[in-house]
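Just below is one structure, and these are the notes that go with it.
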2 protein chains.
Amino acid sequence: MSPHTKYDTISEIAKRRGFFWPSFEIYGGMSGFVTYGDLGAKLRRNIEALWKEHFVRKQGFLEIDDPLINPERVFQASGHLDNFKEYTSQCTGCGKGFRVDHLIEEKTGMENVEAMGGDAIKRLLVEHRVRCPECGGELREPTLILTMFKTEIGATGGETGYLRPETAQAMFLNYKRGYQHAREKLPFALVQASKVARNEISPRQGMLRLREFTIMELELFFDPEKPACPWFGDVRDTVIKLFTEEMEAEGAKEPLEITIGEAVENGLILTEWQGYFMGVGHRFITALGMPPEKQRFRAHLPNERAHYSAQTYDHEVLFETWGWIEISGCAYRTDYDLRSHMEASGTDMTVLREDGTRFIPHVVEPSYGLSRLFLSVLEATYERKNKRNTFHLPRMLAPYQVAVFPLVTKDGLPEKAQQVRDHLIEKGFWVVYDEAGSIGRRYARADEIGVPLAVAVDYETRDKDILTIRDRDSWEQVSLSLQDLAEMLEGYYKGEKDFRDLGTKVIRD
Amino acid sequence: MSPHTKYDTISEIAKRRGFFWPSFEIYGGMSGFVTYGDLGAKLRRNIEALWKEHFVRKQGFLEIDDPLINPERVFQASGHLDNFKEYTSQCTGCGKGFRVDHLIEEKTGMENVEAMGGDAIKRLLVEHRVRCPECGGELREPTLILTMFKTEIGATGGETGYLRPETAQAMFLNYKRGYQHAREKLPFALVQASKVARNEISPRQGMLRLREFTIMELELFFDPEKPACPWFGDVRDTVIKLFTEEMEAEGAKEPLEITIGEAVENGLILTEWQGYFMGVGHRFITALGMPPEKQRFRAHLPNERAHYSAQTYDHEVLFETWGWIEISGCAYRTDYDLRSHMEASGTDMTVLREDGTRFIPHVVEPSYGLSRLFLSVLEATYERKNKRNTFHLPRMLAPYQVAVFPLVTKDGLPEKAQQVRDHLIEKGFWVVYDEAGSIGRRYARADEIGVPLAVAVDYETRDKDILTIRDRDSWEQVSLSLQDLAEMLEGYYKGEKDFRDLGTKVIRD
């Protein structure tokens, strides 16, 4: 990393303006936790809403919201109690614990050391003489440590519980209810956007590795004998960049460019449902502002895959500071989870086919980490030009939709501008009002938080109800009547109108 | 409770259709946890959005999203580590722990035993010979038990952490950032709608006492020498039902009916900001469907108040099954919290007045529990008539906005109906489609989940694009052209049109 990276720049703006900052600042902080401010909370919500537009509303999939705290038996059945572990080493000097695969990666520049397994990790630690990154002390032999947060449910004489490290189990636990609410028809999906927590050993990568975050996850249940996805035609011709398992194993440098239709036909993607969700995901990430050339899909190698997965493709995007980063995984979980919970709970999870045979539904899961999407949006839309910062946020993601400024703070213009602000608030818009400093400074402040449109109130507004709107991206201005303002903005935010449709172009002399 | 209460009825529908049900059902359940299904998740989101309309967007208050897991020092400073405790007794027989004040209340019918203090609780336990509700065994002498979930942050050699039992501390921890983002001007507010967890000893009241839930909380920071609320005029004339501290102490049976303006003038409500938020809350709860006659405000007695509060009013609503239930509290927290964190962290929380004096801002806090609001909506809008269940959900809360039905499943009507569905989905509506059973049954199914409008597709639709819309509440029908449908529905959901404005009344012969 260079001394001042793009991520540093974005983080500085994020703190100063209110997107995000490290949590518990006044108590010296605590790594792995982040606080979202006003702009961040709104941007997150808008990303989540856009995810629902792509993955939930159109398909009519079923939402669910299940607790973060789960009793131990859930994770016994799911396999997490045995598998959600990392190789960890304690320093003989300072006593701190560290995740060994990450230390090896930092020291050697190797990638994906976790996938090499315990013996390799232990060997590499010794071979490369990795020492404590805090005090330089010697590290103990690594052991596998469970990385879920543990607690006691019931303040006295209670039961062991854990905070879930993913939301998927909720969909399996409640699968029978979901099937009932889907009127006992396959395929259907349960989706959830909710909090998870992972007790990372020593997170040192800011927003990239959080101990508490939000996952947006979808579990699609289908009959493996009827694996067709009814919407597959929507994505068949979408071209994606793919590293298949074979290419990964061979260490290929360049991805395959291929349509999703071909990738499924050739067996590179195992099911139509994975292909469908990879295509929808591609469209979703593009809508967040990340262009197709900065997106690719990378298959997990068998020893890298989670214990439940038959095939997983990570969706990666390119960051200037870190290179390619996983923002999503699309896994074919087969019937692993429902079968495990069926065995552990004794609840029948099978479905009856018309021919009288019974089966456990198979599952495909696309899963997104909200904080990485959030970072992707800031990364993709940030621009520094003429010493000014602008986030070119897609209009449906902008925390505030309109800024209202009086040209000057006299002659009744602030009063008129406040009327305009109140009118737009009444009409349902998220509005910022600013009268401090020159109008140029105010435009710059609005650009820095990604407000797409700014309305200036001048003497013509006061006398004739004629306003000027400025476009954040082109700095062009159009004029229109106050009477038309709300309807025009509505058309703009629905995506039915472009900026130039909003009024008459203003020619500056 | 009668053997089959209104709550039982609502719970049965909630499970069957997908509003909510007890969590971890397939593993025998775990009290204090609830799962929201598709309808519940959507209804919750819509309630939260409506709360933001009343408490956030119009005022331009600042949102925030802070972690659920906090290090111990936060709760040391806030006083929770010393105060967030309940008198608990363990059974000498079965070993289970119970919250003693609740056991006494159940046995004696007394109310608010917690507020009587430890000595009274210990005495009442003995006097009334309260025994274990599970096995009838003898109970040990009660002790104070901390009711926060405890965990270890960092899977090895970490630090003690707790899940926060309220979200308010987040606003105090991040107050300095908020002040910066509010451009260093008072008053301003930080608001958060987020998860909290309370390690209840023995929750046995279903949705009323959850171990994990969502709180929607607002902390308003102001200068105690400038206590005026700029929007107080909006609520001055609102009439509310009030039990003041004095009336509570005297055991008054009937509330005072008084305008908020008078209550503040007479010192019954200590600050304009409390009055303002109580008035906005009154309007918000009315918008959820709960009429003013089923709302009242009740002051906490000094020994009932939380350790930080100078005055607290609970907002209560009337449930058929349980009587008056607290759904919100509005507390005047003075400068207690910022002062505590200033002392514990050494961070300066003071603000400079123009006259050169320094002060710590005072805080007023309106706080809502989302799950109780959720229950209030179901309670207030449920109707059973002619053996049919209807939730008369306010239109902005309905999980699904439109149902689309083909009149019959032949002659091209399903295909036409699917086109209508796709058109409405394209236009941004939440749509259910149903073609199973008689049209009467389908209307009944839609009424039971509170869909405000149902569109029937018949031969006239197929041949002339004329549709019929049915109103859930009046069962009236109007007809209109497919071309106008989306725009009409938009006007209806913005509240600009009533049902009868949507088309021409259909006269049935």
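The selection criterion, being hydrophobic (A, V, I, L, M, F, W, C), open to solvent by 10 Å² or more (accessible area, probe 1.4 Å) and touching a strand residue (DSSP E or B) at 6+ places or on another chain (Cβ under 7 Å), does not hold for A:Val196. Quick check on the range B:480-488. Is at least one of its residues crowded, with 20+ Cβ neighbours inside 10 Å, of a type in the set (S, T, N, Q) and at pLDDT 95 or above? The answer is no, given that none of the residues of the range B:480-488 is crowded, with 20+ Cβ neighbours inside 10 Å, of a type in the set (S, T, N, Q) and at pLDDT 95 or above. Scan the range A:193-220 for residues that are within 14 Å of chain B (Cβ to nearest Cβ) and within 25 Å of A:His54 (Cα to Cα) and the total you get is 13. Just one of the listed residues (B:Glu225, B:Glu212, B:Glu304) is touching a residue at least 40 places away in the same chain (Cβ under 8 Å) and more than 25 Å from the chain's Cα centre (by Cα), and it is B:Glu225. Just to verify a result, which residue in the range B:40-51, among those that are facing chain A (nearest Cβ under 8 Å) and touching a helix residue (DSSP H, G or I) at 6+ places or on another chain (Cβ under 9 Å), is farthest from A:Ala41 (Cα to Cα)? The selected residue is B:Gly40.
Scanning the range B:240-258 for residues that are open to solvent by 30 Å² or more (accessible area, probe 1.4 Å), in a strand (DSSP E or B) and free of Cβ contacts under 8 Å to residues at least 24 places away in the same chain yields B:Leu256, B:Glu257. In the range A:18-31, the qualifying residues are those that are under 21 Å from the mean Cα position of the chain (by Cα) and at pLDDT 95 or above, and the one that is farthest from B:Phe172 (Cα to Cα) is A:Phe19. Scanning the range A:6-38 for residues being more than 9 Å from chain B (Cβ to nearest Cβ), out of contact with any Asp or Glu (no Cβ under 9 Å at 6 or more places or on another chain) and assigned to a loop (DSSP other than H, G, I, E, B) gives a total of 1.
Evaluated against (1) under 20 Å from B:Arg177 (Cα atoms); (2) open to solvent by 20 Å² or more (accessible area, probe 1.4 Å); (3) more than 7 Å from chain A (Cβ to nearest Cβ); (4) touching a residue at least 24 places away in the same chain (Cβ under 8 Å), B:Asp65 falls short on exactly one condition, (3). Contact annotation: residue pairs with Cβ atoms under 7 Å, 6 or more positions apart or on different chains, pairing a residue in the range A:136-156 that is touching a residue at least 12 places away in the same chain (Cβ under 8 Å) with a partner that is open to solvent by 80 Å² or more (accessible area, probe 1.4 Å) and not in a strand (DSSP E or B), are A:Gly137/A:Arg131; A:Glu138/A:Arg131; A:Leu139/A:Arg131.
Taking the range B:159-192 as the range and being among the aliphatic types (A, V, I, L, M) and either more than 10 Å from chain A (Cβ to nearest Cβ) or over 22 Å from B:Ser371 (Cα atoms) (or both) as the test, the residues that pass are B:Ala168, B:Met171, B:Leu173, B:Ala182, B:Leu186, B:Ala189. Scanning the range B:280-291 for residues that are outside any loop (DSSP other than H, G, I, E, B) and touching a residue at least 12 places away in the same chain (Cβ under 8 Å) yields B:Val280, B:Gly281, B:His282, B:Arg283, B:Phe284, B:Ile285, B:Ala287. If only residues of the range B:94-112 that are free of Cβ contacts under 8 Å to residues at least 12 places away in the same chain and under 24 Å from A:Ile153 (Cβ atoms) are counted, the one that is surrounded by the fewest Cβ atoms within 10 Å (Cβ to Cβ) is B:Gly95. Within the range B:68-90, is there a residue that is closer than 18 Å to A:Met30 by Cβ, within 7 Å of chain A (Cβ to nearest Cβ) and surrounded by fewer than 21 Cβ atoms within 10 Å (Cβ to Cβ)? Yes, the range B:68-90 has at least one match.
Residues in the range B:271-317 that are buried (at least 22 other Cβ atoms within 10 Å of the Cβ), hydrophobic (A, V, I, L, M, F, W, C) and under 11 Å from B:Tyr332 (Cβ atoms): B:Trp273, B:Phe277. Checked against the criteria, A:Asp223 does not count as at pLDDT 95 or above, surrounded by fewer than 17 Cβ atoms within 10 Å (Cβ to Cβ), more than 27 Å from B:Arg16 (Cα to Cα) and not β-branched (Val, Ile, Thr).
Of all the criteria given as (1) open to solvent by less than 20 Å² (accessible area, probe 1.4 Å); (2) within 14 Å of another protein chain (Cβ to nearest Cβ), the one not satisfied by A:Tyr368 is (2). Restricting attention to the range A:371-399, the residues that are under 18 Å from A:Trp322 (Cα atoms), hydrophobic (A, V, I, L, M, F, W, C) and surrounded by fewer than 20 Cβ atoms within 10 Å (Cβ to Cβ) total 0. Check whether at least one residue in the range B:331-338 is part of a strand (DSSP E or B), within 27 Å of A:Asp66 (Cα to Cα) and open to solvent by 10 Å² or more (accessible area, probe 1.4 Å), and report yes or no. Within the range B:331-338, not a single residue is part of a strand (DSSP E or B), within 27 Å of A:Asp66 (Cα to Cα) and open to solvent by 10 Å² or more (accessible area, probe 1.4 Å).
Considered as a group, the residues in the range A:113-158 that are polar (S, T, N, Q) and open to solvent by 20 Å² or more (accessible area, probe 1.4 Å) include one that is nearest to the other protein chains (Cβ to nearest Cβ), and that residue is A:Thr156.
The values are calculated or read from the model by the stated rules, or taken from the named source; none is laboratory data. What you see is a predicted model, and the numbers here were worked out from it, not measured in a lab. Here the Cβ is made from the backbone with ideal geometry for all residues, glycine too, and neighbour counts use every protein chain on show. Side chains included, ligands, DNA and RNA excluded: accessible areas come from the protein's heavy atoms. Shrake-Rupley method; radii C 1.70, N 1.55, O 1.52, S 1.80 Å.
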